[in-house]
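Participant: I have a structure I would like to understand better, so I am pasting it below and will then ask my questions one at a time.
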Amino acid sequence: MTVTASASQTPASAMTPAALTVSGLTKTVQDSLGSLTILHEIDFTVPQGQTVAITGSSGSGKSTLLGLMAGLDVPTSGQVKLLGHDLFARSEDERARLRAAHVGFVFQSFQLLPNLTALENVMLPLELLGRPARAAALEMLARVGLENRASHYPKTLSGGEQQRVSLARAFVMKPALLFADEPTGSLDANTGRAVIDLMFDLNEALHTTLILVTHDAQLAARCERQLMIESGRLKSDSARPL
């Protein structure tokens, strides 16, 4: 199903190259009761630089959609083009290399490596690409206010500090696209707001396309566009008033 963009979205989409194009995306799984379709023919395009919130109730298919958009999972049918690359025409290794070079992730559970310091966690994406890492990682930790915690391991950091390290790790490679899955879900309200302020500040400074999954209506409202998923279908596609 295609949901037509509002008039306020169309000019930007027409003038700006697409960061992500989703076409006919369907995901069906088999369980003990038979087949279950989680997503039904999802269609939309995200122009480069846009901030997009994917909303919907638990079980609506939001996280499945995010995994497919990032090429972490394979659809039953349909296509995802990320920065012009057809993800599912590529091997799993090729998709991994594309993500490593162009995509950042922020997760609810932080997913920091416990045996690495904050600095080493932030350095890791650059090291995997063979790029100079230490100076860039130290600069990014300073940008998130954690330069004095560089040598600390995740277990010694608060939840808010761990999520700031996660943001630094995601942004250190200056990704073209950032996926965030419930980025404030593990944080208290005040800490969550501070982390989100930081994420949007970094996103604006680095001109990253941001696509986030959230239950938080206030967080979704900060995005330029909201896609609502209901029972695996794209129910609405709306732009924030200018």
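The values are calculated or read from the model by the stated rules, or taken from the named source; none is laboratory data. Everything quoted here is computed from the prediction, not taken from an experiment. Cβ coordinates were reconstructed from backbone atoms using ideal geometry, including for glycine residues, and neighbour counts include every protein chain displayed.
Participant: Among the residues of the stretch 102-119 satisfying the criterion of being touching a residue at least 60 places away in the same chain (Cβ under 8 Å), not aromatic (F, W, Y) and not in a strand (DSSP E or B), which is farthest from G49 (Cα to Cα)?
Facilitator: First, the residues of the stretch 102-119 that are touching a residue at least 60 places away in the same chain (Cβ under 8 Å): 102-110.
Applying the additional criterion that residues be not aromatic (F, W, Y) yields 102-104, 106, 108-109.
Within this subset, residues satisfying the condition of being not in a strand (DSSP E or B) are 102, 108-109.
Values: H102: 13, Q108: 23, S109: 26 Å.
Here the residue is S109.
Participant: Could you figure out which of (1) surrounded by fewer than 21 Cβ atoms within 10 Å (Cβ to Cβ); (2) touching a residue at least 24 places away in the same chain (Cβ under 8 Å) isn't true of E204?
Facilitator: Answer for E204: the failing condition is (2).
Participant: For the stretch 84-110, which residues satisfy the criterion of being hydrophobic (A, V, I, L, M, F, W, C) and more than 28 Å from S231 (Cα to Cα)?
Facilitator: A96, L98, A100, A101
Participant: Right, here's the next one. As an exercise: evaluate D188 against (1) at pLDDT below 90; (2) among the charged types (D, E, K, R); (3) buried (at least 19 other Cβ atoms within 10 Å of the Cβ) and give the number of the one condition it does not meet.
Facilitator: (3)
Participant: Give me the pairs, please: first residue somewhere in the stretch 162-183 and over 13 Å from L66 (Cα atoms), second residue anywhere and polar (S, T, N, Q) and part of a helix (DSSP H, G or I), beta-carbon distance under 6 Å, and either six or more positions apart or on two chains.
Facilitator: Pairs that qualify, where the first residue is over 13 Å from L66 (Cα atoms) and the partner is polar (S, T, N, Q) and part of a helix (DSSP H, G or I), are V165/N121; R169/N121.
Participant: Follow-up question, since we're still on this one. Name the residues in the stretch 65-77 that are touching a Lys or Arg at 6+ places or on another chain (Cβ under 9 Å) and surrounded by 20 or more Cβ atoms within 10 Å (Cβ to Cβ), would you?
Facilitator: Those that are touching a Lys or Arg at 6+ places or on another chain (Cβ under 9 Å) and surrounded by 20 or more Cβ atoms within 10 Å (Cβ to Cβ): L65, L68, A70, G71, P75.
Participant: Right, something else. Can you name every one of the helices (runs of 4 or more DSSP H) wholly within the stretch 123-206 that holds 2 or more residues which are farther than 28 Å from G84 by Cβ and more than 20 Å from the chain's Cα centre (by Cα)?
Facilitator: So the answer is 134-143, 189-206.
Participant: Further question: Return the residues of the stretch 49-60 that are modelled with pLDDT under 95 and out of contact with any helix residue (DSSP H, G or I) (no Cβ under 9 Å at 6 or more places or on another chain); say none if nothing qualifies.
Facilitator: Within the stretch 49-60, S57, S58, G59, S60 qualify.
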